[in-house]
Structure formats: C-alpha cells, structure tokens
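Heads up, the thing below is written out as structure tokens.
Every number here is computed from the coordinates shown, using simple stated rules; none is lab data. Every value quoted in this text rests on a predicted model; they were computed, and no experiment measured them. Here the Cβ positions follow ideal geometry from the backbone for every residue, glycine too, while neighbour counts run over all protein chains shown.
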Amino acid sequence: MRSRYPYIQPPKSYFWARLVERKQLSDNVVDGVQHYYKFELPANHTYKAGQHIAIMPRNHRNIMNELFKNRIVYLDDKCTMVAEPEFHVKMNVLQTEGSNIPLSNDFYSVWDLIAQYTDLHSMINQNVLSLVANYATNEDQKKELKLLGDTKNQEAFQEKFTKKKNTNIADIFRIYNSIKIPLHRFMEVVPPMRHRLYSIASSPKLIGAQSLELIVTDVEWSAVDPKTGDARKQRGLCTGFLYEMSGFLGSYQGTYFDRMGMFPAQIHESPLEPPADPMLPLITLALGSGYAPFRSILQERLALHQQGVKLGPMCLFLGIRRRADYGAMLEELNTWCKEGIASTYLAISREAETPAEHGDIPMTKDKRPKTVKITYGGHITKSITDNYEVFGDHMTAPNNLILYCGKAGKIPEDLTETILKSLNKYGISEQDSRKMWVQYLENGRIFFEAW
C-alpha cells in the first residue's frame, strides 16, 4: 500500500518537521493538561530563542474516517465515482488568498488533500450552508440547508448550530449525509487549513540547531452534538493533532506510520526574542504556558553562561495554578536560579504553603533569591506586589526590557496597574511612575504578547 503521508510536498515556504518526543507534564485533575513536545528540524533549518513555530495541522483521523465512510466526496462532476482516500489525483485549482493548495503537476492522494489542505474543524457559517445545499441529494435536506443558509434566517441558523453547539464543517457533512460533492468543489467550499503559532520553549544554542521544544496546553471544551443533542467534548485542532501524532512514535520507526509524525512548519520572528546584548536588564512576566518563550531565553542565557559570557540581571515572574501543572520543569527553574541565570518569582494560585516549605530563602549579595521564591494562594499580581523592590530596581536601571506572554482580556491591564502601584510603593510618585511607563512604551521597551 502506498504511504498516505507525506507522499505530497509541503505547502510553499514550509518544511517538514518531525515529532520525536512527548511528555505529559501535568496530571489530569484539572482542565488544560500541559505537554512537552520535542521536534527535529531538517538540516538546513533552525531558529532563534523566543521565536514562534508555525504548525500546519491535519484534520483528526476520526473526522476523516467518517467523511469517507459517508461517501461525501466524488471525483467527477456528476458524482458517480466515489473519491476513495487512497486514490491519487492531479489538482488544477487556482490559488486564492491564504490558500495552501499546491500548484504542481504531481499526484496527490485524496486523503492528503483533504486532511492537510482543508479545515474541517472550522466553525460553520451560513455561506458554507448555501454553497453545499445544491449538492444535497435528499430534497428535505436540500430545502433545510437553503433555508438555514439564507442570511434572512440568521436567528434560526444560530439556534440550530451555534448556541452551545460549536458546530463545525465536519458536523454538516455528518448531519446532511446525502451531500455528494465533487472534489474540486469541496476544496473550494471548505476553508483552507491555516497554521497555528506556538512560542518556542528552547534555545538552539543549548539543545542543538535542529532540536526544538514546545510547552503546549491542551485545548478542550464542552459542547452539544448538533446531530444527537448529546453532550460531547471537543478538542482543539492543533493540540489534538499534536497529541494524535505522538501515537506514531517509537514502534513504528522505519514504517510508513513513522511518517505520520511529520508535519509542515515555518519559523516566525517574535517580539519576545532575547536582546542582542545579554547585559541588558530583563523582566519577564508569564502565565501558564506563556512561560515557553522565556524558557527559551533562559536556555539561551545558560548556554552563554557556560561559554563564559557575562549576563545582565533577569527576573522571571511566573503564575501557575498548581505545582503539578509543570512537574519537573519547576526543578529546572531552581537549578537555573542557583547558577545565576535568572531570579524567579513563582505564584501558585491554588495551593497553600506547607510547614515543611516555610523558612527563609537564601539571598545573593544584591538581594536576589538563590532559589525560586514562591507566593502561595495568590496570582502573579500578588507576587509582583510582594516583590515591589525588584520592579523598582529594574525599571530605574538603563535600557531595561519588560516582556509579557500569556492570556489577554483584562490581565495585561491588571499587570500594568499592579506594576505601577509597586513603583509607588518603591517610592516613585504615581505621576512619575505613569510617565516612566509611557516612556517605556514609546521607546519600545515593553512587549505584551497576549492571546
């Protein structure tokens, strides 16, 4: 049997990356399980600390299998020849803006084209319904699709598909299974697959130019199945893809299943790359997996330290829910603290301090903790408030940088206000602290990367 993947070439400007390791960092007690992933890049590709990797996922196998089981896609316009997944075809599709469909004379398997180049996980919209309505062979289904696809019936559309249901395009082909659509029209109707960006959690200077690490939080949510009305768990496309891909590690090495551990990738620049001058003072703020780019900076500094390069001060303020969310990675922070790579202030919001952990933390001559300093039962804002001297010392130093990575919403605003109050507590007036903050922004010394 011919290999399903990656028989095709990657999309233009992408390269094949390979998953080589996965570890679960957190337990399954709370939502948002953390995973560590390690990848291998081709010999002619590398990256810099703090950058992003763009991962082009594939549609989940269960969705793909159901699509082919229902015989939705056909090779000819009259829909007499079913497009089986192993069939190979030439696609002569004009590239539209944002499309990743390759223009070449190569043959591509039907499975490859649909799995890699269309996004069946996209949320449904009325335009897609109106487009596929003409391909329904059941008259009742065709009538309903046209009705719900009419913009005049937006309320009915929302009631059936969007309210607590999160209906995706794959669901439509499952509900209206009389649809028979030619492959070329299917590729035009379904939105193109787009990459997802992840902050890189490693430095090539420490772990090697072709090795790359990520810290990823699984994305899952509860919804109502639009076909059965039952409750169901839905998994994010890319986080689910990474986890699913890890099932092909190890025992499949050297077989065609081993190729399932490969995916198209790009490297993107980021405002969170470390400063060119390692002597510049640096404050980093992170929530949860927002720690990833700062881990890459810490690794970079460790590599420079091992080479005898002198480092300026760096402080990391990290907020997590529980120790179990990151496991052994917290031990890394302690080690790097002891080696003088950075001072780390950890806020653990859902745990209280135990008697065994109570006690004084050893400090350096410049009053920096030699081990991770933990704030229990509070968020990162409490950790900043408790250590206001750190911000006062750093923000009054020349050429300091402040970097944040984590959730959006009100959090960046809350962090800003907390930092300003800490400066007031340090002895800087409210007017002067706000003026200082504005100057930082104008001089490009503050970067917030929030999602």
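A few comments on the model shown:
- Rounded to 10°, Cα long-axis angle of helix 292-306 versus longest principal axis of the chain: 50
- In this rough spin-label picture, where each label sits 7 Å from Cα along the Cβ direction, the K160-N399 distance is 6.3 nm.
- Neighbour counts of other Cβ atoms within 10 Å put D119, D230 in the fewest-to-most order D230, D119.
- With each label modelled as a point 7 angstrom along the Cα→C-beta vector, the E220-E417 pair spans 3.4 nm.
- Between 0 and 90°, nearest 10: helix 329-338 axis offset from the chain longest Cα axis: 30
- A simple charge model with +1 on the Cβ of Lys and Arg, -1 on the Cβ of Asp and Glu and nothing else charged puts the dipole of the chain at about 420 debye relative to its Cα centre.
- Taking one quarter of the surface of the C-alpha convex hull of the range 124-276 gives a mean projected area of 13.5 nm².
- Sequence of F447, F294 once ranked by neighbouring C-beta atoms within 10 Å, starting from the fewest: F447, F294
- Among the listed pairs K78/K142; K370/K421; K164/K227; K370/K435; K69/K142; K338/K407, those whose Cα-Cα separation exceeds 22 Å are K370/K421; K370/K435; K338/K407.
- Helical mean residue ellipticity (222 nm; -39500 (n - 2.57) per DSSP H run of 4+; nearest 500) of the chain: -8500 deg cm²/dmol
- Once the chain from N153 to K310 is taken as fully extended at 0.36 nm per residue, the excess over their C-alpha distance is 49.9 nm.
- Prolate/oblate/rounded call for the range 382-451, Cα gyration tensor, a/c under 1.5 rounded: oblate
- Entry note, the chain: relative contact order of 18 percent, from Cα contacts under 8 Å with a spacing of 6+ residues.
- Taking the charge dipole of the chain about its Cα centre, with +1 at Lys and Arg Cβ atoms and -1 at Asp and Glu Cβ atoms, the residue from G32, L403, S343 reaching farthest to the positive side is G32.
- Listed residue pairs exceeding 22 Å between alpha carbons, taken from K146/K180; K233/K410; K160/K233; K152/K180; K90/K180: K233/K410; K152/K180
- Cα shape, the range 282-450, gyration tensor, a/c 1.5 rule: rounded
- With contacts taken as Cα pairs under 8 Å at a separation of at least 6 residues, the range 58-189 carries a relative contact order of 33 percent.
- At R0 = 41 Å, FRET efficiency that the Cβ-Cβ distance of D27 and D76 yields, to 0.05: 0.20
- Length-normalised contact order for the range 282-450 - Cα pairs under 8 Å, 6+ apart - percent: 24
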